[in-house]
1. Out of everything in segment 78-117 that is in contact (Cβ under 8 Å) with a residue 24 or more places away in the chain and hydrophobic (A, V, I, L, M, F, W, C), what residue ends up being surrounded by the fewest Cβ atoms within 10 Å (Cβ to Cβ)?
2. For Leu25, which of the numbered conditions (1) more than 14 Å from Cys70 (Cα to Cα); (2) at pLDDT 95 or above fails to hold?
3. Quick check on my filter: what residues within segment 37-84 are under 16 Å from the mean Cα position of the chain (by Cα) and among the aliphatic types (A, V, I, L, M)?
4. What number of residues in segment 59-77 are free of Cβ contacts under 8 Å to residues at least 40 places away in the same chain and closer than 23 Å to Ile46 by Cβ?
5. For Arg71, indicate whether it is in a helix (DSSP H, G or I), of a type in the set (Lys, Arg) and either touching a helix residue (DSSP H, G or I) at 6+ places or on another chain (Cβ under 9 Å) or at pLDDT 90 or above (or both).
6. Is it the case that Arg61 is among the basic types (Lys, Arg), in contact with an Asp or Glu (Cβ under 8 Å, 6 or more places away or on another chain) and modelled with pLDDT under 95?
7. Mind listing just one residue for me: the one in segment 1-60 that is hydroxyl-bearing (Ser, Thr, Tyr) and closer than 15 Å to Lys75 by Cα and, of those, surrounded by the most Cβ atoms within 10 Å (Cβ to Cβ)?
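The values are calculated or read from the model by the stated rules, or taken from the named source; none is laboratory data. Since the structure is predicted, the reported quantities are computational estimates derived from the model, not experimental observations. Because the Cβ atoms are built from the backbone with ideal geometry, glycine has one as well, and the counts that use them run over all protein chains shown.
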Amino acid sequence: MPTDTLSLTFAALADPTRRAMLARLSEGEATVNELAKPFKMSLPAISKHLKVLEKGGLITRGKQAQWRPCRMETKPIHEAVDWMEHHRQLWEERFDRLDDYLSELQKKEKKDARHKK
């Protein structure tokens, strides 16, 4: 089972139900019942999804009188975006180098073909 923060974040984001819950929470706090409303699943199933989001640091649950509002936490998402951006840049640099190399090969092939004529 993943224990580092990034793995927990990606594991939580892997499920479309949890992503939909986060989309709802991006609009503001919501109760468990409000989050469960659009889904055809039991409250225990909803609760399991919320525990995964909580474990991933993507939500927190407050305590206000009788209800426990859920709120989205953005820090783990920012960390995931930073990680992806870093790797995107690395791969873009690698693809740029590959593109340059292939261009050089094509120029060499054209030059060699002209000399053979």
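1. Just the residues of segment 78-117 that are in contact (Cβ under 8 Å) with a residue 24 or more places away in the chain, to begin with: 79-80, 83.
With hydrophobic (A, V, I, L, M, F, W, C) added as a condition, the list becomes 80, 83.
On the way: Ala80: 18, Trp83: 13.
Among those residues, the one meeting the criterion is Trp83.
2. Here Leu25 clears every test but (1).
3. The answer is Val52, Leu53, Leu58, Ile59, Met72, Ile77, Ala80, Val81, Met84.
4. Quick first cut of segment 59-77, residues free of Cβ contacts under 8 Å to residues at least 40 places away in the same chain only: 59-68, 73-75.
Subsequent filtering for residues that are closer than 23 Å to Ile46 by Cβ retains 59-68, 73-74.
So the count comes out to 12.
5. Details: in a helix (DSSP H, G or I): no; of a type in the set (Lys, Arg): yes; either touching a helix residue (DSSP H, G or I) at 6+ places or on another chain (Cβ under 9 Å) or at pLDDT 90 or above (or both): yes.
Spelling it out, it is not the case that Arg71 is in a helix (DSSP H, G or I), of a type in the set (Lys, Arg) and either touching a helix residue (DSSP H, G or I) at 6+ places or on another chain (Cβ under 9 Å) or at pLDDT 90 or above (or both).
6. Yes, satisfied.
7. Initially, segment 1-60 is screened for residues hydroxyl-bearing (Ser, Thr, Tyr), giving 3, 5, 7, 9, 17, 26, 31, 42, 47, 60.
With the extra rule that they be closer than 15 Å to Lys75 by Cα, the set shrinks to 5, 7, 9, 26, 60.
On the way: Thr5: 14, Ser7: 12, Thr9: 23, Ser26: 10, Thr60: 14.
For segment 1-60, the residue satisfying everything is Thr9.
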